[in-house]
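Asker: Structure provided below as structure tokens; questions to follow.
Bear in mind these aren't lab numbers, they're just calculated from the coordinates by the rules spelled out. Please read these numbers as outputs of a predicted model, since none were measured by experiment. Ideal geometry is used to build each Cβ from the backbone, glycine not excepted, and the neighbour counts take in all protein chains shown.
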Amino acid sequence: MSDLQNELFQLAMSEDSKSLMDLVKKHCEENVAPIQEEFYSYQKKKEDRWSWHP
């Protein structure tokens, strides 16, 4: 395999991407998780799962 192909199969996270992943996890914990239950309760009330809740 060429060096380019070897790089394509290197799936480890770089140091820069690890800090970004930490920010994404923090966002999910602080902003997404607290409203998940409310979101799913709206989803259960809809007749058409593909429609928007008002």
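Asker: Tally Lys and Arg at +1 and Asp and Glu at -1 over the other residues with C-beta under 14 Å from the C-beta of W52: what net charge comes out?
Answerer: That sum, taken over residues with Cβ under 14 Å, equals +1.
Asker: Going through the chain, which trypsin sites (Lys or Arg not before Pro) have at most 16 other Cβ atoms within 10 Å and a DSSP loop state?
Answerer: Counting only loop positions with at most 16 other Cβ atoms within 10 Å, the trypsin sites (Lys or Arg not before Pro) in the chain are K46, R49.
Asker: Then there is this: Would you work out if the chain is rounded, prolate or oblate? Take a ≥ b ≥ c from the square roots of the eigenvalues of the alpha-carbon gyration tensor; rounded if a/c is under 1.5, else prolate when a/b is larger than b/c, oblate otherwise.
Answerer: Verdict is oblate for the chain.
Asker: Here is a further query. Which of the GluC sites (Glu not before Pro) found in the stretch 1-51 are in a DSSP loop and have at most 16 neighbouring Cβ atoms, other than their own, within 10 Å?
Answerer: Here the GluC sites (Glu not before Pro) that fit, given the DSSP loop and packing criteria, are E47.
Asker: What do you get for chymotrypsin sites (Phe, Trp or Tyr not before Pro) in the chain restricted to DSSP loop and a cutoff of at most 10 other Cβ within 10 Å of the site's Cβ?
Answerer: For chymotrypsin sites (Phe, Trp or Tyr not before Pro) across the chain that sit outside H, G, I, E and B with at most 10 neighbouring Cβ atoms in 10 Å, the list reads F9, W50, W52.
Asker: Can you give me the angle between helix 15-27 and the longest principal axis of the chain, using Cα atoms only, in degrees from 0 to 90, rounded to the nearest 10?
Answerer: 10 degrees
Asker: In a shell of Cβ-Cβ distance under 12 Å around F39, excluding F39 itself, what net charge do Lys and Arg (+1) and Asp and Glu (-1) give?
Answerer: Charge balance in the 12 Å sphere: +1.
Asker: Further question on the same structure: Per the helix-only calculation at 222 nm, which mean residue ellipticity applies to the chain, given -39500 (n - 2.57) for every DSSP H run of n ≥ 4 and division by its residues, nearest 500 deg cm²/dmol?
Answerer: Computed ellipticity for the chain at 222 nm equals -18000 deg cm²/dmol.
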